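Down below is the structure, laid out as structure tokens.
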Amino acid sequence: MRLRLLLLLAVCGAAAGAAVRTLSLRGRWRIRSGNGSLELPGDVPGCVHTALLQQNLIQDPYYRFNDLNYRWISLDNWTYSKEFKIPFDISKWQKVNLIFEGVDTVTKVLLNDVTIGETDNMFKRYSFDVTSVVRDVNSIELRFQSPVLYAAQQSKAHTRYEVPPDCPPVVQKGECHVNFIRKEQCSFGWDWGPSFPTQGIWKDVRVEAYNFCQLNYFTFSPIYDARAQEWNLEIESSFDVVSSKPVYGHVMVALPKLQTQQTQGIELQPGERVVELFVKINKNISVETWWPHGHGNQTGYNMTILFELEEGLSIEKSAKVYFRTVELIEEPIKGSPGLSFYFKINGLPIFLKGSNWIPADSFQDRVTSDLLRLLLQSAVDANMNTLRVWGGGVYEQDKFYELCDELGIMVWQDFMFACALYPAGQGFVDSVREEVAYQVRRLKSHPSIITWSGNNENEAALMMNWYGIHISDLPTYINDYVTLYVKNIREIVLTADKTRPFITSSPTNGAESVAEGWVSHNPYDKHFGDVHFYDYISDCWNWKIFPKARFVSEYGYQSWPSFSTLEKISSEEDWSYGSRFSLHRQHHADGNTEMLLQAGLHFKLPQSKDPLRSFKDTIYLTQVMQAQCVKTQTEFYRRSRSQVVQGEGHTMGALYWQLNDIWQAPSWASLEYGGKWKMLHYFARHFFAPLLPVGFENQDVFFIYGVSDLRSDCNVTLTVRLHTWSSLEPLCSRRTRRLVMKAGKATLLYEEPVPRLLKTCGKCTRQRCVVSFHLSAAGQLLSPTNYHFLSSLKEAVGLHKAHITAVISQRGDTFVFDLETSAVAPFVWLDVGSIPGRFSDNGFLMTGKTRTVLFYPWKPTSKSELERSFQVTSLTDIY
Ligand SMILES: *[C@@H]1O[C@H](CO)[C@@H](O)[C@H](O)[C@H]1NC(C)=O
Ligand SMILES: *[C@@H]1O[C@H](CO)[C@@H](O)[C@H](O)[C@H]1NC(C)=O
Ligand SMILES: *[C@@H]1O[C@H](CO)[C@@H](O)[C@H](O)[C@H]1NC(C)=O
Ligand SMILES: *[C@@H]1O[C@H](CO)[C@@H](O)[C@H](O)[C@H]1NC(C)=O
Ligand SMILES: *[C@@H]1O[C@H](CO)[C@@H](O)[C@H](O)[C@H]1NC(C)=O
Ligand SMILES: *[C@@H]1O[C@H](CO)[C@@H](O)[C@H](O)[C@H]1NC(C)=O
């Protein structure tokens with residue numbers, strides 16, 4: 001009797017003491033340079049660069065030419081170290097692990113002077129068994145090796161053949177052999193970003209001690225059974241059983257709102273064990289599916305999962321479960337060779353509109369939840385529904401995908417390989433296998449991710465022979481390609497995740513690439529898969545230069561970020577378009593010249609003799625050019641969604657390059673570093689609108705198509721107006737009868753030869769007039785007001801200098817800008833410098849005397865602060 005009571009007490013004691021104790025090793029560490037000449041404190045998560053900056057040992061790395069000045073940081077071998085005390089009795093624990101959620105990148109890890117492991121892959125999670133090494137008081141040390149030296153060594157050791165490219169183009173000022181290290185590929189430099197190959201512990205690190213049994217992870221996939229018309233949940237949990245005997249217990253899964261609960265017995269043998277559960281969702285309750293932004297709600301359901309094991313051990317986890325299906329449809333199209341390439345979500349075909357995501361900073365520890373929210377909210381505010389997480393950056397942090405789930409942003413997730421050939425030796429492949437298994441497990445429960453893609457542009461690099469490979473060597477490289485992306489990555493993904501498609505590359509011909517042995521002779525074929533398209537030279541106002549492809553996952557034009565953004569990282573001598581700084585910041589060969597050439601096709605270049613004025617005007621003009629080019633191109637893709645002309649069309653995706661910036665420099669981005677909207681982003685809000693009238697000309701005939709992303713037809717009226725450049729009153733205004741805009745289609749709404757339009761609308765000429773048009777119903781505006789230029793603006797006649805004034809007032813949390821203009825003004829740009837926030841509209845064509853625009857601040861500001869910073873520019877201001 002007495003004995004029994006004691007035993008019970010012991011069991012309860014174990015339970016009360018919990019089965020796992022963790023000690024976070026976040027916070028302050030000590031950082032030492034290779035020869036010990038520098039020693040400083042540094043935060044974990046973090047990196048050497050940010051630690052040096054925090055200690056004022058370096059200036060802002062983004063300032064002027066500091067990317068070159070601070071090259072030494074990445075060439076040195078740094079050491080991170082820390083002493084720590086275990087705040088519990090370590091001898092009482094059977095198993096102690098040291099867990100790194102991410103190490104950047106090449107290190108030897110020592111605990112109490114004993115080497116416990118090595119790391120060489122930034123994208124892996126590392127868990128080291130330190131049971132026999134850990135003490136009450138410990139010293140931990142991570143000896144980093146310069147990633148640049150490591151990459152060079154790995155490349156040198158690959159003696160049988162070269163794996164190009166060796167180095168990035170000189171204009172990118174980057175480091176070499178990045179394809180030999182599993183690290184953020186753009187950290188060695190890119191055509192829009194600096195080279196800052198960081199070193200550091202970039203994610204969480206902790207000590208975990210446990211007895212008996214421990215849950216390593218759990219992950220799940222909601223799967224729709226179309227035959228039974230029911231949802232199931234596949235849940236996978238991994239345990240480390242340190243008990244020498246099997247552990248028994250049960251698991252209870254509950255989704256209260258779906259009145260679903262399931263209990264099941266479990267038996268865990270000693271060792272690492274995976275438990276798979278299959279939960280049937282109650283069919284009596286109708287499940288609300290997750291929808292992309294613009295197509296429905298992002299409904300999710302709370303789930304709890306409770307493991308009750310022997311010895312009073314209970315482990316409880318909770319998660320949000322979202323239900324949705326994804327299909328990638330590749331099937332024959334009537335009247336067209338090739339195959340379609342589009343996504344169905346919950347059975348509904350959806351046009352993917354959005355952009356491409358790159359890392360939000362060279363130093364990942366500066367990418368806060370607030371910054372992610374700001375950037376992703378800006379994507380949604382611009383009517384985007386998709387972002388492609390590009391393969392040259394990082395698998396983003398959990399928060400990124402949680403926000404995408406909540407906001408309804410579909411994610412096209414690349415694996416982190418970009419613009420290179422890669423080695424496929426056993427060691428490299430083994431590391432990639434672990435990386436992929438871990439990332440798929442971490443990310444697969446997010447409904448936002450709708451497809452995996454093996455890499456960025458590597459099929460094209462291989463098959464279009466970007467690196468001048470000798471034809472006789474091609475089979476070797478194709479073999480490596482197939483080994484890496486097909487036999488390993490694809491195989492792991494398809495085994496671990498049945499809820500979304502996998503494509504081998506972007507761009508690819510999809511099923512056609514597969515049929516051609518995983519690599520197509522032309523991965524840019526317009527009749528298959530996705531394409532990337534860039535042409536800076538041809539006239540971007542001419543839609544005929546764009547590929548009428550099935551899906552366009554990259555396209556774009558560069559522009560300069562605003563002066564207020566540049567001012568923060570430059571000095572006065574830098575403020576001209578031809579300065580050494582302006583050239584240094586441009587990582588795309590001839591980029592600055594190309595922007596002016598493209599702008600010069602339709603606009604007069606800035607005329608001011610004042611150098612600063614001229615610089616600001618040029619920045620403005622590059623943004624005008626970029627916005628107008630991407631608008632023309634995107635509208636072309638959207639209106640091609642339900643059209644097949646000469647076998648081309650049925651375009652179902654437009655993702656321009658690129659959403660965000662990694663630093664303050666000229667680039668293809670629509671959001672500047674820090675989140676300020678460029679003119680392009682305001683334009684995107686219009687050209688991605690759910691209902692959009694698109695105007696264009698073909699052989700002197702003016703057409704307007706009505707593009708609808710809605711699920712049902714709607715009745716609209718189209719208003720077409722002709723304005724002269726010289727008057728604030730429209731020359732004429734026409735309203736059509738009621739027209740039907742077909743759900744999910746582009747419908748022809750209007751067609752008129754331009755000469756007739758000009759003549760019947762009150763005698764105008766192409767140079768003197770501009771067309772505007774919008775959709776409405778019952779007096780309600782249903783679309784943005786769009787416009788069509790009938791001539792280049794440099795040839796416009798009657799355009800006067802516009803004098804624009806603003807009266808600013810406050811209304812609650814927002815500010816009202818009441819504008820008044822003295823003349824018609826194209827590309828009216830409102831700027832409040834570095835005051836964070838965005839306008840309700842910007843970069844617009846002002847055809848009437850007045851207009852009201854709202855400003856939504858992202859941080860508290862005031863009317864007087866706005867008045868001090870406010871500047872307005874329109875096209876004629878730069879003449
Ligand atoms: C230590 O290393 C730094 C950076 O590589 C170098 O500049 C410095 O001269 C070295 N100091 C000594 C004493 O070797
Ligand atoms: C860094 O380590 C590598 C290899 O261990 C060595 O070759 C190199 O000289 C070291 N660099 C510095 C700056 O200490
Ligand atoms: C579904 O409803 C039926 C009829 O009311 C009931 O018999 C059944 O138990 C319910 N099923 C579940 C899983 O709740
Ligand atoms: C979205 O949620 C709202 C509010 O809960 C609801 O009224 C509406 O019917 C939902 N829409 C869809 C498409 O499920
Ligand atoms: C779902 O879980 C979240 C986070 O635990 C909680 O804030 C929320 O109230 C829960 N919702 C419901 C409906 O129980
Ligand atoms: C559009 O107009 C037609 C004809 O009047 C009408 O039958 C139909 O219901 C309307 N559709 C909508 C969505 O209002």
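Where a number appears in this text, it was derived from the coordinates with a stated rule and is not lab data. Just so it is clear, the model here is predicted, and its values are computed rather than measured. Here the Cβ is made from the backbone with ideal geometry for all residues, glycine too, and neighbour counts use every protein chain on show.
Rounded to the nearest 0.05, what FRET efficiency is calculated for Tyr879 and Met464 with R0 set to 41 Å and r the Cβ-Cβ distance?
Details: r = 42 Å, r/R0 = 1.03.
About 0.45, to the nearest 0.05.
Ile58's amide H: which non-local residues (gap 5+, or another chain) put their own amide H closer than 5 Å, with H modeled 1.01 Å from N in plane and none for Pro or chain starts?
Amide H neighbours of Ile58: Leu53.
Number of Lys-Lys pairs in the stretch 66-224 under 26 Å by Cα, sequence gap 8 or more or different chains?
Lysine pairs meeting both conditions in the stretch 66-224 amount to 23.
Grab the DSSP H runs of the chain that are 4 residues or longer, score each as -39,500 (n - 2.57), total them, divide by all residues and round the 222 nm result to the nearest 500 deg cm²/dmol.
Numbers: 19 runs with 181 residues, N = 879.
Mean residue ellipticity, 222 nm, calculated: -6000 deg cm²/dmol.
Work out how much length Glu491 to Ala743 would gain on full extension: take 0.36 nm times their residue separation and subtract the Cα-Cα distance, in nm to one decimal.
On the way: separation 252, 0.36 × 252 = 90.72 nm, distance 3.81 nm.
This chain segment gains 86.9 nm when fully extended.
Just report the Cα centroid separation between the stretch 557-609 and the stretch 146-168, whole Å.
35 Å
What percent does the relative contact order of the stretch 710-807 come to when contacts are Cα pairs within less than 8 Å and at least six residues apart? Show your work: numbers first, answer last.
Numbers: 157 pairs, mean separation 30.2, N = 98.
Across the stretch 710-807, relative contact order equals 31 percent.
Among Gly843, Gly189, Val367, whose Cα projects farthest towards the positive end of the dipole of the chain, with charges put on the beta-carbon of Lys, Arg (+1) and Asp, Glu (-1)?
Result: Gly843, furthest along the dipole toward the positive end.
Give me the log10 of I(q) over I(0) for the chain at q = 0.06, 0.07 Å⁻¹, as the Debye formula computes it from C-alpha points; what are the numbers?
Result of the Debye calculation: -0.45, -0.61.
Can you order the peptides 491-499, 645-653 by their average number of other Cβ atoms within 10 Å per residue, highest first?
Highest mean packing first, the order is 645-653, 491-499.
Give me the extension gain from Leu40 to Phe88: residue separation times 0.36 nm, minus the current Cα-Cα distance, reported in nm with one decimal. Spell out each step's value before the answer.
Details: separation 48, 0.36 × 48 = 17.28 nm, distance 2.89 nm.
Length gained, Leu40 through Phe88: 14.4 nm.
Taking other Cβ within 10 Å of each residue's Cβ, how do Arg273, Arg28 sort, fewest first? Working shown, then result.
Working: Arg273 18, Arg28 12.
Ascending number of Cβ neighbours within 10 Å: Arg28, Arg273.
What net charge do the residues around Gly675 carry, taking every other residue with its C-beta under 14 Å from that of Gly675, with Lys and Arg at +1 and Asp and Glu at -1?
Working: positive: Arg366, Arg373, Lys568, Lys676, Lys678, Arg838, Lys859; negative: Asp361, Asp370, Asp381, Asp661, Glu672.
Summing Lys/Arg as +1 and Asp/Glu as -1 gives +2.
With contacts defined as alpha carbon pairs under 8 Å and 6 or more residues apart, what's the relative contact order of the stretch 541-632 in percent?
Details: 67 pairs, mean separation 41.3, N = 92.
Relative contact order of the stretch 541-632: 45 percent.
Grab the other residues whose beta carbon is less than 9 angstrom from that of Phe239, score K and R as +1, D and E as -1, and report the net.
Working: positive: Arg273; negative: Asp240, Glu272.
With Lys, Arg at +1 and Asp, Glu at -1, the net is -1.
In nm, give the distance between the simple-model label positions of Glu162 and Glu288, each being 7 Å from the Cα along the Cα-to-Cβ direction.
Going by the 7 Å Cα→Cβ label model, 5.9 nm.
Would you mind ranking Glu729, Glu208 by Cβ crowding within 10 Å, fewest neighbours first? Mind dumping the intermediate values first?
Details: Glu729 11, Glu208 19.
Least to most surrounded, the residues fall as Glu729, Glu208.
Based on alpha-carbon atoms only, what is the radius of gyration of the stretch 50-193 relative to the globular estimate 2.2 N^0.38 Å? Don't skip to the answer; put the middle values down first.
Details: Rg = 18.5 Å, N = 144, 2.2 N^0.38 = 14.5 Å.
Normalised Cα radius of gyration, the stretch 50-193: 1.27.
Between Thr852 and Arg71, what is the label-point separation in nm under the 7 Å Cα-to-beta-carbon projection?
Spacing of the two 7 Å Cα→Cβ label points: 5.7 nm.
Limiting things to C-alpha atoms, what are the Rg and the maximum Cα-Cα separation (Dmax) for the stretch 101-179, in angstroms?
16.5, 52
Given R₀ = 35 Å, what would the calculated FRET efficiency be for Ile223 paired with His521, taking r from the Cβ atoms and rounding to 0.05? Working shown, then result.
Details: r = 37 Å, r/R0 = 1.04.
For Ile223 and His521, the calculated efficiency is 0.45.
To the nearest Å, what is the center-to-center distance of the stretch 45-72 and the stretch 649-699, using C-alpha atoms only?
Spelled out, the Cα-based centre of one part sits 32 Å from the other.
Figure the gain on full extension for Glu316 and Val645 (residue separation times 0.36 nm, minus the Cα-Cα span) and round it to one decimal in nm. Don't jump to the answer; show the numbers that get you there.
Numbers: separation 329, 0.36 × 329 = 118.44 nm, distance 5.72 nm.
Gain in length upon complete extension: 112.7 nm.
Percent relative contact order of the chain, based on C-alpha pairs within less than 8 angstrom and at least six residues apart?
Details: 2064 pairs, mean separation 77.5, N = 879.
The normalised contact order for the chain reaches 9 percent.
Can you sort Asp661, Asp480 by how many other beta carbons sit within 10 Å, fewest first?
Working: Asp661 28, Asp480 20.
Lowest to highest Cβ neighbour count: Asp480, Asp661.
Evaluate the distance, in nm, between pseudo-label points positioned 7 Å from the Cα of Ile333 and of Glu867 along their respective Cα→Cβ axes.
Between Ile333 and Glu867, the simple spin-label model gives 5.6 nm.
Kindly express, to the nearest 10 degrees and within the range 0 to 90, the angle between helix 147-157's C-alpha long axis and the longest C-alpha principal axis of the chain.
That helix lies at roughly 80 degrees to the long axis.
Less than 15 Å Cβ to Cβ from Ile469, Lys/Arg counted +1 and Asp/Glu -1: what total charge do the surrounding residues give? Please list the in-between numbers first.
Working: positive: Arg160; negative: Glu162, Asp166, Glu459, Asp473, Asp480.
Neighbour charge sum, excluding Ile469 itself: -4.
What is the Å³ per residue value for the convex hull set by the Cα atoms of the stretch 486-619? Display every interim value, and only then the final one.
Details: hull volume 22.9 nm³, N = 134.
Looking at the stretch 486-619, the number lands at 171 Å³ per residue.
Cut-off under 12 Å on the C-alpha distance; same-chain residues fewer than 8 positions from Lys334 excluded. Which aspartates and glutamates are left, in chain and number order?
Straight-distance partners of Lys334: Glu648.
Note down the magnitude of the dipole of the stretch 502-572 about its Cα centre, charges +1 on Lys and Arg C-beta and -1 on Asp and Glu C-beta and zero elsewhere, to the nearest 20 debye. Mind showing how you got there, number by number?
Values: 5 positive and 9 negative charges, 41 e Å.
My answer is approximately 200 debye.
Rank by packing, highest mean first: peptides 663-673, 738-748, with packing defined as the count of other Cβ atoms within 10 Å averaged across residues.
Output ranking for 663-673, 738-748: 663-673, 738-748.
Report the Cα centroid-to-centroid distance between the stretch 285-362 and the stretch 420-469 in angstrom, as an integer.
Value for the Cα centre distance between the two parts: 21 Å.
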